[in-house]
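Reviewing the structure listed below.
The values are calculated or read from the model by the stated rules, or taken from the named source; none is laboratory data. The structure presented is a predicted model; accordingly, all values stated were derived computationally and were not measured. Glycine also receives a Cβ, built like all others from the backbone with ideal geometry; neighbour counts cover every protein chain displayed. All accessible areas refer to the heavy atoms of the entire protein, side chains included, with ligands and DNA or RNA removed. Shrake-Rupley method; radii C 1.70, N 1.55, O 1.52, S 1.80 Å.
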Amino acid sequence: MTTTVPATDRTDRWWEELPAGRGRLRGRAHLATDAPALSLDGTWDFRYGTRADGSDLGEAAPIEVPGLWQFQGYGAPQYTNVIYPIPRDVPHVPDENPTGHYSRSLTVPQDWAEELGRGGRVLLRFQGVDSAAKVWIDGEEIGVTAGSRLTQEFDVTGALAAPGEHRLDVRVVQWSVNTYVEDQDMWWASGIFRSVDLLLRPAGGIHDLVTLADFDPATGRGLLRATAVGPDGESVPATVEVPGLGLTAPADGTETVIEQVRPWSAEDPHLYAATVRTETETVSLRLGFRRVEVDGEIFRVNGERIVFRGVNRHEADPVVGRTQHLENQDLDVALMKQHNLNAVRTSHYPPHQRFLDVCDEAGLYVICEGDFETHGFHADSTWGEDATGAAEGPALDPQFEQSLVERSDRFVRRDRNHASIVMWSIGNEAASGPVTEAMVERVRATDPTRPVIYEQDYSASYVDVFSLMYSSVEESEQIGRRELSAEYQDKLTRMLRSFALDVPDGHFADPPALSKPFLWIEYAHAMGNGAGSLKEYMALTEQYPALHGGFIWEWIDHGLLTHDAEGNEIFGYGGDFGERLHDGNFVADGLVLPDRTPSPALLDAKHHYSPVGLEVSATTARLTNRYAFSDLSRLRAEVSLDQQATWQELALPALTPGQSGEVPLPTGEHAAVTVRLLTREAEGPVPAGHEVVAASHVDAQRLAAATAVPAAPALAPQQEADGAWRLGPARFDDLGRLVGLGDLGIEHAGADLYRAPVDNEGARTRNPLEARWKRIGLDVARRRLVGIEADGEELVIRTRLGLDGSALGADVVERWRGDVDGVDLELTVTPAAFWPRDLPLPRIGWTFALPAAPDQVEYDGFGPHESYPDTGGGTTFATWRSSVADLQVPYVFPQENGNRAGVVRAVLSGVGGTLELRAPEPFGLAVRPWSTAELDARAHDGALRPDGRTWVTASAALHGVGSAACGPLPLPEYVLDAHEETLRLHLASPGR
Ligand code: GAL
């Protein structure tokens with residue numbers, strides 16, 4: 001092998017060329033074949049430089065393929081959401097352009113060479129190279145790639161005709177003309193990040209294969225059509241065989257009707273193994289028979305209306321970035337199925353092909369999306385109603401048309417044999433114009449069997465399905481009713497006009513959109529703690545047939561494993577890699593944390609996405625069958641009357657899809673009843689006995705009676721010489737602060753109106769509460785003792801919480817009663833009457849710290865995961881036990897977390913002693929190893945430091961979390977308006 005890189009040609013600016021790419025073969029299916037292939041994955045030689053012409057490449061060093069070079073010691077990843085990291089100077093890019101030159105040798109086996117002699121061919125296949133590459137074999141140019149997440153193949157038959165060793169060179173540039181159409185919200189990172197292989201294509205082989213496996217729901221019949229083609233699109237004589245159906249037919253486009261097939265759906269993803277054979281090649285595939293239709297305003301699979309209980313998925317890994325371990329494909333699909341998701345959008349590019357195989361197998365409805373986004377041309381339009389400066393981007397620019405249409409064609413050709421794909425999307429946030437319309441048309445021409453969606457065709461004039469992102473519940477309801485208010489019409493008009501389109505007034509009065517199915521292509525922005533109100537969104541899908549559900553933004557936090565300046569191991573986000581331009585932690589907004597640990601949002605989604613609606617009252621469980629095809633026979637039910645200590649079998653009613661029914665529950669004296677539904681048998685990645693949904697009902701009166709403490713004779717408060725007070729086991733200092741209970745020391749006790757802001761309250765939101773709360777100093781409210789008095793058996797402590805620079809504040813009254821065993825607190829907080837109406841309170845509660853760390857918390861309340869007023873789906877009432885550490889949620893960016901709702905009793909025990917809390921009315925409980933101030937101050941979860949204390953907050957009320965980082969504020973019913981609130985607690989410290 002020669003060691004020199006191909007000579008530099010300074011006149012050839014291949015990376016800025018439009019149309020993009022050279023010498024590539026047309027897209028085709030990724031087929032499992034018995035034809036020989038050589039994997040070129042492994043260690044390559046790598047030279048790194050800053051000039052795309054390769055004139056300043058450094059010394060060769062080993063690098064792994066597949067892999068992104070920023071994750072292997074060269075350059076650094078950069079995160080921007082919307083803006084381009086380079087000047088917008090189409091089609092040019094800066095002179096300084098990180099460039100990686102990959103090379104390796106490869107050996108053409110003797111028998112390959114012989115096959116070439118018989119008319120065979122060799123293809124070099126790249127499955128993903130970011131952002132453009134030029135390829136040489138033995139110094140001769142082969143071609144140029146275009147489309148980072150698109151498979152590119154080159155016919156290298158001539159170059160590799162001779163058996164033996166050859167040299168392969170691939171020069172990859174970070175910035176290219178492709179950058180302008182690949183501006184997705186994710187890390188900028190470069191290199192050969194998906195597999196590379198060399199394929200021997202036998203003469204007479206199956207170059208491409210197109211299958212149609214249709215199911216007629218009216219008759220149960222299947223129809224199969226397979227068409228095998230050669231490299232020039234010519235028909236090749238081939239036979240398709242489906243042993244499970246006893247079927248053998250020519251694969252030349254002949255249609256074969258099968259009297260009965262078992263259809264494919266996400267609920268029953270039945271696949272038939274098939275082969276397509278010519279004399280020289282056998283291709284194996286799995287066929288799913290199903291029919292996808294847009295029928296007026298209804299989207300149907302196999303004749304039934306489908307609701308998408310979906311999520312948007314990027315490819316992310318904390319260690320290797322967008323490079324995908326095969327196991328991650330399987331793990332993601334398994335987690336999705338185990339949490340009741342039935343759909344996924346491959347935002348915003350076609351995934352690693354393995355992912356689609358697993359979706360076929362496990363059953364997920366897929367919107368497969370092209371590799372296309374140009375958000376940086378119209379950054380202002382991202383917030384919809386704030387749209388201003390219209391910029392003419394590729395959607396309106398004819399010089400991009402050929403490349404973009406080719407992009408759309410390419411990904412559809414790769415993936416069209418997958419049963420799981422029910423819709424194509426050309427891309428994301430790339431405005432709308434003649435070019436996007438041409439892309440949609442090309443997709444339709446390449447695959448006429450599936451509907452096409454593209455969100456930014458806001459009036460759905462050329463797509464089949466209407467979609468929007470982050471519509472509020474109220475806006476969605478208007479769409480469901482098929483009646484848009486004048487205000488909403490204006491908003492949509494402005495959004496469309498921001499694309500430099502001439503949109504007449506009244507365009508949205510009766511748009512084509514309102515005669516088509518609707519879905520939320522993105523909603524419920526799952527950044528940090530949230531998103532709230534999934535319940536309300538999903539309820540709309542039951543009320544309005546045109547509303548077909550949607551796709552939560554998004555599946556995974558893209559945090560990257562790294563260290564901060566102090567050496568803490570953290571999940572890094574924008575700005576942690578020295579980037580000048582970045583969008584901070586907006587890249588961490590998933591249902592799973594970077595290491596794929598489910599966040600509470602996934603458990604919330606699991607509940608609201610359940611295929612069976614479950615509402616439990618004291619006497620009945622009301623069930624709604626939300627499956628499209630199945631009855632409930634695949635599930636069994638159990639009921640617990642003793643806080644989930646024991647379970648009894650409950651007979652499930654026979655409910656057909658869409659039907660609701662009630663099951664009577666055993667009657668008795670119980671304070672709480674919980675019902676759960678479990679799978680009978682394993683369903684793919686979902687094990688047998690897996691909990692599908694659970695819900696509890698609590699009887700407040702019985703619960704209060706059960707937790708009430710037997711009254712002992714009340715003791716009177718005593719004042720001590722130094723001004724301190726005693727009441728039963730409780731001690732108060734001269735400022736009226738609780739400082740001890742029996743042997744337990746207590747610190748920092750007092751009324752608390754603050755909680756650490758969540759991501760959904762940050763600067764980007766329409767009501768940036770974090771900034772507003774901090775401006776008035778709610779986080780550092782100052783206490784002033786107004787007075788302490790003994791009022792008979794009560795110790796009454798009046799204080800005022802004041803805010804710096806303001807007359808705003810709250811009056812606080814603590815009324816304490818005590819006996820030998822414990823004390824009762826009645827805390828009343830009265831915010832100032834003139835509190836601003838649009839400034840919700842974060843919480844109304846009471847916080848204190850125990851100087852020693854308990855290791856165990858037991859609580860009677862809703863768990864096991866956290867709840868806020870607008871989240872917490874799937875929590876049930878039980879006696880839950882947890883370590884303090886496990887009560888925390890390690891959100892990438894520290895923020896309020898860990899509240900357990902509906903708590904009536906809690907016991908904290910450990911080294912310092914035992915503290916027992918009881919309450920006649922349920923409260924929210926948070927127990928943390930650090931203070932709110934620490935949670936509020938740190939920028940990374942890994943930087944949080946326990947301070948040796950245990951911080952306890954009991955909340956009477958909390959402000960909802962909403963979705964406003966990229967979506968609506970909390971619904972009015974979850975807003976904590978400033979109002980008078982009372983919290984009652986009993987505190988005791990039973991002796992050791
Ligand atoms: C949407 C966009 C997504 C993501 C999200 C915010 O506008 O389509 O790619 O950026 O906002 O996290």
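Could you please let me know if Ala238 is in contact with a strand residue (DSSP E or B) (Cβ under 7 Å, 6 or more places away or on another chain) and aliphatic (A, V, I, L, M)?
When the stated conditions are applied, Ala238 passes them.
The rows are residues; the columns are (1) over 26 Å from the mean Cα position of the chain (by Cα); (2) in the same structural domain as Asp595 (by TED's automatic domain parsing); (3) in contact (Cβ under 8 Å) with a residue 60 or more places away in the chain.
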{"position": "Thr914", "(1), (2), (3)": "yes, no, yes"}
{"position": "Arg918", "(1), (2), (3)": "yes, no, yes"}
{"position": "Leu925", "(1), (2), (3)": "yes, no, yes"}
{"position": "Leu935", "(1), (2), (3)": "no, no, yes"}
{"position": "Leu944", "(1), (2), (3)": "no, no, no"}
{"position": "Arg949", "(1), (2), (3)": "yes, no, yes"}
{"position": "Val952", "(1), (2), (3)": "yes, no, yes"}
{"position": "Ser955", "(1), (2), (3)": "yes, no, yes"}
{"position": "Gly960", "(1), (2), (3)": "no, no, yes"}
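So, in region 27-52, how many residues would count as being among the charged types (D, E, K, R) and more than 25 Å from Asp138 (Cβ to Cβ)? First the steps, then the outcome.
First pass over region 27-52, keeping only residues among the charged types (D, E, K, R): 28, 34, 41, 45, 47, 51.
From what's left, more than 25 Å from Asp138 (Cβ to Cβ): 28, 34.
Total satisfying the criteria: 2.
Here is a yes/no grid of residues against (1) in contact with a helix residue (DSSP H, G or I) (Cβ under 9 Å, 6 or more places away or on another chain); (2) assigned to a strand (DSSP E or B):
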site: Pro6; (1), (2): no, no
site: Thr11; (1), (2): no, no
site: Leu18; (1), (2): yes, no
site: Gly27; (1), (2): yes, no
site: Thr43; (1), (2): no, yes
site: Arg47; (1), (2): no, yes
site: Ala52; (1), (2): yes, no
site: Asp56; (1), (2): no, no
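Hey, any hits in region 386-400 for a residue that's modelled with pLDDT under 95, within 28 Å of the chain's Cα centre (by Cα) and under 27 Å from Asn760 (Cβ atoms)?
yes
Against the condition closer than 25 Å to Leu715 by Cα and open to solvent by less than 70 Å² (accessible area, probe 1.4 Å), how does Gly845 come out, does it pass?
When the stated conditions are applied, Gly845 does not pass them.
If a residue counts only when it is more than 30 Å from Gly668 (Cβ to Cβ) and among the charged types (D, E, K, R), which strands (runs of 3 or more DSSP E) contained entirely in region 699-798 have at least 2 such residues? Break it down stepwise before answering.
Working: elements: 725-727, 730-732, 738-741, 747-752, 782-791.
Once the strands (runs of 3 or more DSSP E) in region 699-798 are filtered for at least 2 residues that are more than 30 Å from Gly668 (Cβ to Cβ) and among the charged types (D, E, K, R), what remains is 747-752, 782-791.
Looking at the structure I just gave you, is Val975 of a type in the set (Val, Ile, Thr), open to solvent by 30 Å² or more (accessible area, probe 1.4 Å) and under 28 Å from Gly762 (Cα atoms)?
Criteria met by Val975.
Take the residues in region 403-434 that are assigned to a loop (DSSP other than H, G, I, E, B) and over 19 Å from Phe355 (Cα atoms); name whichever of them is nearest to the ligand (Cβ to nearest atom).
By that ranking, first place goes to Glu429.
Could you go through region 581-590 and let me know if any residue there is within 15 Å of the ligand (Cβ to nearest atom), assigned to a loop (DSSP other than H, G, I, E, B), of a type in the set (D, E, K, R) and surrounded by fewer than 21 Cβ atoms within 10 Å (Cβ to Cβ).
Yes, region 581-590 contains at least one residue that is within 15 Å of the ligand (Cβ to nearest atom), assigned to a loop (DSSP other than H, G, I, E, B), of a type in the set (D, E, K, R) and surrounded by fewer than 21 Cβ atoms within 10 Å (Cβ to Cβ).
Would you mind stating whether Ala807 is among the hydrophobic types (A, V, I, L, M, F, W, C) and out of contact with any Pro (no Cβ under 9 Å at 6 or more places or on another chain)?
Judged against the criteria, Ala807 is a match.
Please note which helices (runs of 4 or more DSSP H) are completely contained in region 465-550 and include at least 2 residues that are more than 30 Å from Val889 (Cβ to Cβ), away from the ligand (no atom under 16 Å from the Cβ) and open to solvent by 40 Å² or more (accessible area, probe 1.4 Å).
So the answer is 473-481, 486-497.
When Thr828 is evaluated against the numbered criteria (1) of a type in the set (Ser, Thr, Tyr); (2) crowded, with 23+ Cβ neighbours inside 10 Å; (3) more than 27 Å from Asp886 (Cα to Cα), which criterion, by number, is the only one it fails?
Of the numbered conditions (1) of a type in the set (Ser, Thr, Tyr); (2) crowded, with 23+ Cβ neighbours inside 10 Å; (3) more than 27 Å from Asp886 (Cα to Cα), the odd one out for Thr828 is (2).
Can you give me the ranges of the strands (runs of 3 or more DSSP E) entirely in region 58-146 with at least 2 residues that are buried (at least 19 other Cβ atoms within 10 Å of the Cβ), in the same structural domain as Asp183 (by TED's automatic domain parsing) and away from the ligand (no atom under 16 Å from the Cβ)?
Correct list: 61-65, 99-108, 121-126, 132-137, 140-144.
Please list, ordered by first then second residue, the pairs with beta carbon atoms under 9 Å, 6 or more apart or interchain, first in region 327-348 and under 25 Å from Asn428 (Cα atoms) and in the same structural domain as Tyr365 (by TED's automatic domain parsing), second more than 16 Å from the ligand (Cβ to nearest atom) and among the polar types (S, T, N, Q).
Hits for this filter: Met336/Asn342; Val344/Ser420.
What about Val693, is it surrounded by 13 or more Cβ atoms within 10 Å (Cβ to Cβ) and either under 31 Å from the mean Cα position of the chain (by Cα) or closer than 30 Å to Arg817 by Cα (or both)?
So Val693 fits the description; yes.
Could you tell me which of the residues Glu441, Glu437 is away from the ligand (no atom under 16 Å from the Cβ), farther than 22 Å from Gly376 by Cα and outside the structural domain of Val283 (by TED's automatic domain parsing)?
Of Glu441, Glu437, the one residue that is away from the ligand (no atom under 16 Å from the Cβ), farther than 22 Å from Gly376 by Cα and outside the structural domain of Val283 (by TED's automatic domain parsing) is Glu441.
Got a sec? Which of Gly549, Gly575 is among the small types (Gly, Ala, Ser) and closer than 30 Å to Val612 by Cβ? Talk me through it step by step, then tell me what you get.
Details: Gly575 fails: closer than 30 Å to Val612 by Cβ.
Every option except Gly549 fails the conditions.
For Gly948, state whether it is farther than 25 Å from Glu554 by Cα, surrounded by 24 or more Cβ atoms within 10 Å (Cβ to Cβ) and away from the ligand (no atom under 16 Å from the Cβ).
Criteria not met by Gly948.
In the list Ala954, Ala978, Ala964, which residue meets the criterion of being within 30 Å of Gly728 (Cα to Cα) and either more than 16 Å from the ligand (Cβ to nearest atom) or at pLDDT below 95 (or both)?
Ala954
I need a count of the residues in region 698-745 that are of a type outside the set (A, V, I, L, M) and open to solvent by 50 Å² or more (accessible area, probe 1.4 Å). Quick ask: steps written out before the conclusion?
First pass over region 698-745, keeping only residues of a type outside the set (A, V, I, L, M): 699, 701-702, 707, 710, 713, 717-720, 722-723, 725-726, 728-729, 731-734, 736-737, 740, 742-743, 745.
Narrowing the set further to residues that are open to solvent by 50 Å² or more (accessible area, probe 1.4 Å) leaves 701-702, 710, 713, 718-720, 722, 726, 731, 734, 737, 743.
Summing the residues that are of a type outside the set (A, V, I, L, M) and open to solvent by 50 Å² or more (accessible area, probe 1.4 Å) in region 698-745 gives 13.
Residue by residue through region 594-608, note down the ones that are open to solvent by less than 10 Å² (accessible area, probe 1.4 Å) and more than 30 Å from Thr624 (Cα to Cα).
Pro594
Please tell me if Glu649 is touching a strand residue (DSSP E or B) at 6+ places or on another chain (Cβ under 8 Å), at pLDDT 95 or above and closer than 20 Å to Gly689 by Cα. Talk me through it step by step, then tell me what you get.
Working: touching a strand residue (DSSP E or B) at 6+ places or on another chain (Cβ under 8 Å): yes; at pLDDT 95 or above: yes; closer than 20 Å to Gly689 by Cα: yes.
When the stated conditions are applied, Glu649 passes them.
What's the number of the condition Glu241 fails, among (1) in a strand (DSSP E or B); (2) in contact with a helix residue (DSSP H, G or I) (Cβ under 9 Å, 6 or more places away or on another chain)?
Against the list (1) in a strand (DSSP E or B); (2) in contact with a helix residue (DSSP H, G or I) (Cβ under 9 Å, 6 or more places away or on another chain), Glu241 comes up short only on (2).
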